[in-house]
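*Asks:* Attaching a single structure in structure tokens format; questions to follow.
Taken together, the values in this text are just the output of simple stated rules run on the coordinates, not laboratory data. Keep in mind the model is a prediction, meaning the values are calculated, not measured. All Cβ positions, glycine included, derive from the backbone under ideal geometry; neighbour counts span all protein chains shown.
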Amino acid sequence: MDAASLLRISRTRAGLSQRALATAAGTSQSAVAAIESGRKRPTVATLDRLLLATGTELVLADPEQAALLRRARRLEDVLHLAEALPFRRPGGLRFPRVPT
């Protein structure tokens, strides 16, 4: 995912306007707009600061690790859905917690 999409999605999920995000991150609304439109490419530090202001943490991972984390989250979601089914095994389902 590119920086523009990541920032736009994180900002909208947080319910922030560009101006509110800019104020929280200590930058200008025009800088946020330029990044979200793709006219400007932020440094990793700037993107991290903006994302933290939306409540999102920027984690850089190698592709193999990222794929493994996606599969682990999917498995965890499936197990949580299985626990929500009306049938309950005595003692519940047991599975290892995956660090996020």
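*Asks:* Based on the alpha-carbon gyration tensor of the range 47-88 and its eigenvalue square roots a ≥ b ≥ c, which shape applies: rounded if a/c is under 1.5, prolate if not and a/b is larger than b/c, or oblate?
*Replies:* On the way: a/c = 7.68, a/b = 1.89, b/c = 4.07.
In terms of gyration-tensor shape, oblate.
*Asks:* Per q in 0.17, 0.21, 0.29, 0.31 1/Å, what log10 I(q)/I(0) does a Debye calculation on the alpha-carbon atoms of the range 3-54 return?
*Replies:* At q = 0.17, 0.21, 0.29, 0.31 Å⁻¹ the computed log10 ratios are -0.38, -0.60, -1.26, -1.46.
*Asks:* Here is a follow-up. So for the chain, what are the equivalent ellipsoid semi-axes in whole Å, largest first, each being the square root of 5 times an eigenvalue of the Cα gyration tensor? Please report the intermediate quantities before stating the final value.
*Replies:* Numbers: eigenvalues 264, 49, 22 Å².
In descending order, the three semi-axes are 36, 16, 11 Å.
*Asks:* For the range 2-100, which GluC sites (Glu not before Pro) pass both filters: DSSP loop (anything but H, G, I, E, B) and at most 12 other C-beta atoms within 10 Å?
*Replies:* Working: sites: E36, E57, E64, E76, E83; in loops: E57.
Passing both the DSSP loop test and the Cβ count: E57.
*Asks:* For the chain, what does the helix formula give at 222 nm: sum of -39500 (n - 2.57) over DSSP H segments with n ≥ 4, over the residue count, nearest 500 deg cm²/dmol? Write down the numbers at each step before the final one.
*Replies:* Details: 5 runs with 62 residues, N = 100.
The helix-only estimate for the chain comes to -19500 deg cm²/dmol at 222 nm.
*Asks:* Now for a separate question. At most 12 other Cβ atoms within 10 Å plus a DSSP loop assignment makes a site exposed; report the longest stretch of the chain without any exposed trypsin sites (Lys or Arg not before Pro). Please report the intermediate quantities before stating the final value.
*Replies:* Numbers: sites that count: R39, R88, R94, R97.
Longest stretch, sites excluded: 40-87.
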